[in-house]
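> Input: one structure, supplied below.
Please treat every number below as a calculation from the coordinates, not as lab data. In this text the structure is predicted, and so the values were computed from the model without any measurement. Cβ sites come from the backbone with ideal geometry, for glycine too, and all protein chains shown count toward neighbours.
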């Protein structure tokens, strides 16, 4: 069967190291795969934190449950959908946080693999949060907490435009039983 996901000519073929990383739960590996597909389909050069947030919300029931009600979640999804169809928040084709250095211990050579520096940092922070809880693998809530805590990422811009207090969201996740 032929892959129907279009490739951007100047972008290297996707490297699936992140999806097979033993430090990701199966659910989080699916989120990363979905974010990569979304970035490719949207014509973006890198997976950014908005791609990760969109994929998290679509695929992880625990992540959806962490929002304060349906209307708040609907507003977040509205911004993400607008972005993916080419209007609303105008990031398509641009690089998130181009001047920052990527924290790449979770994803070696993250820039070369098509990750924005903020997305690479969020993945590393998700792994750190899981290790802090004594878990070997990072899950969706670990990644959501990492995204919501990074004041300079696109995911926080989406959350805040939708009326979500990103710092409060991150704190609620950390304070939840078993997440501290």
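> Need the full-extension length gain, residue 65 to residue 160, defined as separation in residues times 0.36 nm minus the C-alpha distance. One decimal, nm.
32.4 nm
> In whole Å, how far is the Cα centre of the stretch 117-153 from that of the stretch 42-73?
After rounding, the separation between the Cα centres reads 14 Å.
> Separate question: Of the peptides 45-51, 153-159, how do they stack up when ordered by the mean number of other Cβ atoms within 10 Å, highest first?
Result, highest mean Cβ count within 10 Å first: 45-51, 153-159.
> Something else about it: How many nm separate the modelled label positions at residue 168 and residue 72, each set 7 Å beyond the Cα in the direction of the Cβ?
0.6
> Now a separate question. Which of 84, 55, 116, 66 comes first, and how do the rest follow, when ranked by fewest Cβ neighbours within 10 Å?
By the 10 Å Cβ count, ascending: 84, 66, 55, 116.
> Could you calculate the FRET efficiency of residue 175 with residue 22 from 1/(1 + (r/R0)^6), where r is the beta carbon distance between them and R0 is 30 Å, rounded to 0.05?
That pair, residue 175 with residue 22, gives E of 0.60.
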